[in-house]
């Protein structure tokens with residue numbers, strides 16, 4: 001199949017999927033939570049047996065390099081590193097670790113940092129007084145574990161953030177997943 005035909009196929013695929021959502025994609029959303037809460041996930045998506053986790057991710061925000069941006073921005077020999085420092089400042093002030101994704105399973109919250117943290121990780125939405133940006137259901141944290149590692153995680157919950165100390169070793173170079181339990185420690 002020619003490259004042009006593949007490009008057209010990939011470009012049209014999302015339109016075909018949207019057409020299967022029963023017209024839900026036609027809703028005009030406003031820039032507020034009330035409008036967004038009216039969204040209903042299409043049946044075809046809810047019934048899907050596969051998942052795409054980091055396909056169009058936060059790495060698209062800098063719009064530089066590739067999906068390897070979160071890893072390469074910490075390597076001082078790469079163009080991504082130089083671009084990040086020139087655009088956003090040093091990684092210690094604003095690193096990729098500051099982009100954090102969340103997911104839950106039961107009563108457990110998983111916080112995923114993209115890239116390997118080299119400085120403290122501040123999860124501002126999990127501070128004791130996080131306010132409007134707080135993760136729903138968050139409260140006093142009872143424990144933090146690093147998924148895929150037996151190493152004890154050093155952490156503290158401050159008024160403004162959950163603070164996780166950098167580890168001596170990570171199970172992955174590309175992402176770190178923290179399992180967070182709430183309740184009395």
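Computed from the coordinates by the stated procedures, all read-outs in this text should not be read as laboratory data. Keep in mind it's a predicted model, so treat the numbers as computed, not measured. With ideal geometry, Cβ positions are generated from the backbone for all residues, glycine too; neighbour counts draw on all protein chains shown.
Could you tell me the distance between the Cα centroids of the range 148-185 and the range 101-124, to the nearest Å? Centre-to-centre distance over Cα atoms comes out at 8 Å.
Residue order for 158, 152, 28, 116, fewest other beta carbons within 10 angstrom first, comes to 28, 152, 158, 116.
Could you state the orientation-averaged shadow area of the convex hull built on the Cα atoms of the range 58-182, in nm² to one decimal?
7.7 nm²
The ranking of 69, 39 from fewest to most other beta carbons within 10 Å of each one's beta carbon is 39, 69. Listing 47, 75, 160 from fewest to most neighbouring C-beta atoms within 10 Å gives 47, 75, 160. Based on C-alpha pairs under 8 angstrom that are at least 6 apart in sequence, the range 58-182 has a relative contact order of 25 percent. Stretching residue 38 away from residue 179 to a fully extended chain increases their span by 47.8 nm, per 0.36 nm per residue minus the current alpha-carbon distance.
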